[in-house]
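J.: Take this structure first; my questions come after.
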Amino acid sequence: MKIQSKLPSVGTTIFTLMSQLATEHKAINLGQGFPDFNPERELIDHVHQAMLDGMNQYPPMAGLLSLRERISNKVQSLYGHTYDVDTEITVTSGASEALMSSILAFVHQGDEVIVIEPFYDLYLPAIELAGGRAVPVSMTPPQGPSGRYSVEWNKVEAAITSKTRLLIINFPHNPSGITLDASDLDALENIIKKHNILILSDEVYEHLVFDGESHLSMATRPALAACSIIVSSFGKTFHATGWKVGYCCAPKELSLEIRKVHQFNVFTVPTPLQEGLSRFLQNPNNYAALPVFYQRKRDRLIAGLSSSKFRVLPSEGTFFLLADYSALSEMNEFDFSVWLTKEHGVGVIPVSAFYQDPQAESSNQQLIRFCFAKQDHTLDQAIEKLIQL
Ligand code: PMP
Ligand code: GLN
């Protein structure tokens with residue numbers, strides 16, 4: 001039978017590919033973003049107890065009320081915006097489903113969606129499935145020894161046309177690790193004042209902001225909250241990426257449309273996981289302690305690499321650290337990542353994979369991404385290998 005693919009250019013994701021390669025070559029996997037340690041025992045106990053308590057049948061379509069209440073309280077206390085528990089918060093199958101459902105709900109045939117490049121791999125196929133067209137706007141790549149990626153909002157604004165439906169942003173940013181400051185929010189406010197577009201804000205790393213800074217959510221500014229869909233993930237926050245539980249917060253009329261897709265895509269998300277997460281969220285310290293926990297790991301990796309030929313870039317948030325390998329090799333990023341995995345036993349992700357055209361010269365800045373959501377001894381073993389190079 002001849003099948004016409006709806007996503008002809010999509011293959012296996014770089015994360016799966018590099019994890020497979022790491023397993024095959026028994027390499028230490030600092031590639032795909034997931035912790036190599038368990039969630040807190042208390043959280044696992046809550047989920048177990050929820051199962052024993054009989055919470056094993058369908059929960060409400062939008063998520064358990066108690067979990068939505070705790071999400072609402074968390075967002076209110078951190079960002080000052082109140083989302084209505086009944087109509088504005090939806091528990092989803094990971095952040096992925098929240099992103100996909102939102103894109104399918106709002107992007108019509110021929111609509112344009114602005115994405116900031118480098119970008120997370122889900123956005124483009126989701127836009128394509130919805131019949132839209134992605135319009136990438138490149139960040140300015142790091143320049144000089146202490147350089148970081150940066151967004152030029154005037155370039156973002158210049159890409160808006162009468163067909164633009166959505167602007168997708170992701171801060172703290174995967175893979176660059178950059179975060180937003182107040183001037184970025186000012187620029188975004190200025191854009192949405194002038195243009196009738198929605199913001200899809202992927203804030204999965206909201207609890208991973210370092211050096212005493214705070215995450216600046218779209219929910220911190222009423223004007224931005226009014227036109228934003230904010231997406232988060234308990235996978236990142238509670239070291240449980242395999243549970244695939246996330247949520248989105250959006251004004252009532254937007255949430256209504258997202259739920260129409262959610263309802264017929266997954267209908268709802270496993271009850272005992274939701275109940276366990278709800279009980280665990282009772283203690284705000286369970287997420288408030290995260291920046292200190294991960295900053296130590298970031299700093300351990302940075303300190304370890306200081307005697308290597310890698311030059312690390314600043315990581316303001318996320319559990320990723322970029323490193324420049326230009327002192328070691330002239331290979332492109334993909335080839336270098338494969339070589340490092342196969343020959344030197346450390347799996348990483350090429351940053352070029354976050355570009356529309358990973359082969360292009362402009363997508364290859366000789367940068368790789370390390371994930372430091374790993375046990376200290378895993379990081380130490382990787383460092384030992386990396387300093388040999
Ligand atoms: N967005 C970004 C930027 C991510 O890094 C991830 C992580 N995998 C996701 C979305 C998906 O999150 P989840 O696993 O909760 O679906
Ligand atoms: N978000 C994770 C990363 O950036 C990967 C998730 C996935 O494998 N789909 O590494």
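J.: Looking only at residues in segment 133-174 that are more than 21 Å from Met218 (Cβ to Cβ) and touching a helix residue (DSSP H, G or I) at 6+ places or on another chain (Cβ under 8 Å), which one is surrounded by the most Cβ atoms within 10 Å (Cβ to Cβ)?
T.: So, considering only residues that are more than 21 Å from Met218 (Cβ to Cβ) and touching a helix residue (DSSP H, G or I) at 6+ places or on another chain (Cβ under 8 Å), the one surrounded by the most Cβ atoms within 10 Å (Cβ to Cβ) is Ser138.
J.: With respect to the numbered conditions (1) over 30 Å from Thr87 (Cα atoms); (2) touching a helix residue (DSSP H, G or I) at 6+ places or on another chain (Cβ under 7 Å); (3) surrounded by fewer than 22 Cβ atoms within 10 Å (Cβ to Cβ), which one is the sole condition not fulfilled by Leu322?
T.: Only one criterion is unmet by Leu322, namely (3).
J.: When you check Gln381 against the structure, is it touching a residue at least 40 places away in the same chain (Cβ under 8 Å), in contact with a strand residue (DSSP E or B) (Cβ under 6 Å, 6 or more places away or on another chain) and in a loop (DSSP other than H, G, I, E, B), yes or no?
T.: Working: touching a residue at least 40 places away in the same chain (Cβ under 8 Å): yes; in contact with a strand residue (DSSP E or B) (Cβ under 6 Å, 6 or more places away or on another chain): yes; in a loop (DSSP other than H, G, I, E, B): no.
Taking the combined requirement at face value, the residue does not satisfy it.
J.: On the basis of being in contact (Cβ under 8 Å) with a residue 40 or more places away in the chain, away from ligand 1 (no atom under 16 Å from the Cβ), within 29 Å of Arg259 (Cβ to Cβ) and β-branched (Val, Ile, Thr), does Val107 make the cut? It would help to see each step written out before you state the result.
T.: Numbers: in contact (Cβ under 8 Å) with a residue 40 or more places away in the chain: yes; away from ligand 1 (no atom under 16 Å from the Cβ): yes; within 29 Å of Arg259 (Cβ to Cβ): yes; β-branched (Val, Ile, Thr): yes.
Taking the combined requirement at face value, the residue satisfies it.
J.: Since Ser96 meets every condition but one in (1) over 17 Å from the mean Cα position of the chain (by Cα); (2) touching a residue at least 24 places away in the same chain (Cβ under 8 Å), which condition does it not meet?
T.: Unmet for Ser96, out of (1) over 17 Å from the mean Cα position of the chain (by Cα); (2) touching a residue at least 24 places away in the same chain (Cβ under 8 Å): (1).
J.: Being under 30 Å from Gly242 (Cβ atoms) and in contact with a Lys or Arg (Cβ under 6 Å, 6 or more places away or on another chain), is that true of even one residue in segment 72-86?
T.: yes
J.: Another question about this same structure. Just checking, how many residues over segment 136-168 are part of a loop (DSSP other than H, G, I, E, B) and not aliphatic (A, V, I, L, M)? Can you show your working first?
T.: Taking segment 136-168 first, the residues part of a loop (DSSP other than H, G, I, E, B) are 139, 141-149, 151-152, 159-163.
Within this subset, residues satisfying the condition of being not aliphatic (A, V, I, L, M) are 141-149, 152, 161-163.
Looking only at that region, the number is 13.
J.: When the residues of segment 15-40 are narrowed to those that are farther than 19 Å from His344 by Cβ and within 15 Å of ligand 1 (Cβ to nearest atom), which ends up nearest to the chain's Cα centre (by Cα)?
T.: Of the residues in segment 15-40, the ones farther than 19 Å from His344 by Cβ are 15-16, 33-35, 37-40.
Retained after the next criterion (residues that are within 15 Å of ligand 1 (Cβ to nearest atom)): 15-16, 33-35, 39.
Working: Phe15: 13, Thr16: 16, Gly33: 9, Phe34: 11, Pro35: 14, Pro39: 18 Å.
Step by step, filter segment 15-40, then rank; the result is Gly33.
J.: From the residues in segment 312-371 that are among the β-branched types (Val, Ile, Thr) and closer than 26 Å to Val10 by Cβ, which one is nearest to the chain's Cα centre (by Cα)? Working first, answer last.
T.: Step one: filter segment 312-371 for residues among the β-branched types (Val, Ile, Thr), giving 312, 318, 338, 341, 346, 348-349, 351, 368.
Cutting the leftovers down to closer than 26 Å to Val10 by Cβ gives us 318, 338, 341, 348-349, 351, 368.
On the way: Thr318: 8, Val338: 23, Thr341: 23, Val348: 17, Ile349: 15, Val351: 14, Ile368: 17 Å.
This residue is Thr318.
J.: Out of (1) within 16 Å of ligand 2 (Cβ to nearest atom); (2) surrounded by fewer than 22 Cβ atoms within 10 Å (Cβ to Cβ), the odd one out for Glu97 is which?
T.: (2)
J.: Also: Among Glu117, Glu157, Glu128, Glu112, which is the only one that is within 16 Å of ligand 1 (Cβ to nearest atom), farther than 23 Å from Tyr294 by Cβ and either in contact with a Lys or Arg (Cβ under 6 Å, 6 or more places away or on another chain) or among the charged types (D, E, K, R) (or both)? Spell out how you get there, then give the answer.
T.: Working: Glu157 fails: within 16 Å of ligand 1 (Cβ to nearest atom); Glu128 fails: within 16 Å of ligand 1 (Cβ to nearest atom); Glu112 fails: within 16 Å of ligand 1 (Cβ to nearest atom).
After ruling out the rest, the residue left standing is Glu117.
J.: Need a quick list: helices (runs of 4 or more DSSP H) entirely within segment 197-268 having at least 1 residues that are without any contact (Cβ under 8 Å) to a residue 60 or more places away in the chain and away from ligand 1 (no atom under 16 Å from the Cβ).
T.: Values: elements: 222-225, 234-237, 252-265.
Where helices (runs of 4 or more DSSP H) fall fully within segment 197-268 and carry at least 1 residues being without any contact (Cβ under 8 Å) to a residue 60 or more places away in the chain and away from ligand 1 (no atom under 16 Å from the Cβ), they are 222-225, 252-265.
We did not get these values from a lab; they are worked out from the coordinates using the rules stated. Owing to the predicted nature of the structure, the values given are computational and were not obtained by experimental measurement. Positions of Cβ are generated from backbone atoms using ideal geometry, with glycine treated the same way; all protein chains shown enter the neighbour counts.
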